[in-house]
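The values are calculated or read from the model by the stated rules, or taken from the named source; none is laboratory data. The structure presented is a predicted model; accordingly, all values stated were derived computationally and were not measured. We place every Cβ from the backbone using ideal geometry, glycine too, and count neighbours over all the protein chains shown. Heavy atoms of the whole protein, side chains included, go into the accessibility calculation; ligands, DNA and RNA do not. Shrake-Rupley method; radii C 1.70, N 1.55, O 1.52, S 1.80 Å.
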Amino acid sequence: MVRGKVELKRIENTTSRQVTFTKRRNGLLKKAYELSVLCDAEVALIIFSQKGKLYEFSSSNMQKTIEKYRSDVKKDEICTPENEVHVQQLKQEAAAIQQQIEQLEISQRRLLGQDLVSCSVEELSHLDNKLEHTLRTIRARKTQLFKEQVEKLKAKERYLLEENARLCQENTSLCQKKDPVISNQSSQFSEVETELFVGLRVSQNSTNL
């Protein structure tokens, strides 16, 4: 679904205006935090809602940042041609960065299969090549991870086989130590003769008769 541009004007519906304010406020605070972390910048942000409620963010100390801002503003009150040139350069750089951001957003949407109607054949071919290269990179990484997992499983298998062989060898040695004791006991039992008779025993006197 293509996300259209929002017309910048006051939202008349009170509920929608409050919801939009909450979302945009949180997004702005998040961006300020990310800017301070990623670029190691000193960032201070002050927001007042329609009802006058204060929301603020400071990467260091808000009061010190405000004092620093006031001192810099006093220095800039004396406008010189050099400062004007510098301001114009900053505006041009900001416009160029904004244009780059827009181009990146367009490229990202096209990679997701959006806004392709306005693309020419050459742009679609370039996009196709870029996607193919990305897929090859992903598949290569996936194959590498599979190989690493297989190697880990093989190493685990070798370890288990070695451990099994070691346990079998210990079991064989233990059985060999027990065999002489069992053979000595069986030889002693074999020397004892036993006589077993089933039925009535006939005495010698009865046989003589």
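What to note about this one:
- Filter result (on the phi > 0 side of the Ramachandran plot and open to solvent by less than 100 Å² (accessible area, probe 1.4 Å)) within the range 34-74: GLY52
- Within the range 104-142, being surrounded by fewer than 10 Cβ atoms within 10 Å (Cβ to Cβ), assigned to a helix (DSSP H, G or I) and among the polar types (S, T, N, Q) holds for no residue.
- Selected residue (criterion: surrounded by the most Cβ atoms within 10 Å (Cβ to Cβ)) from residues of the range 14-33 that are touching a residue at least 24 places away in the same chain (Cβ under 8 Å) and farther than 15 Å from LYS51 by Cβ: ALA32
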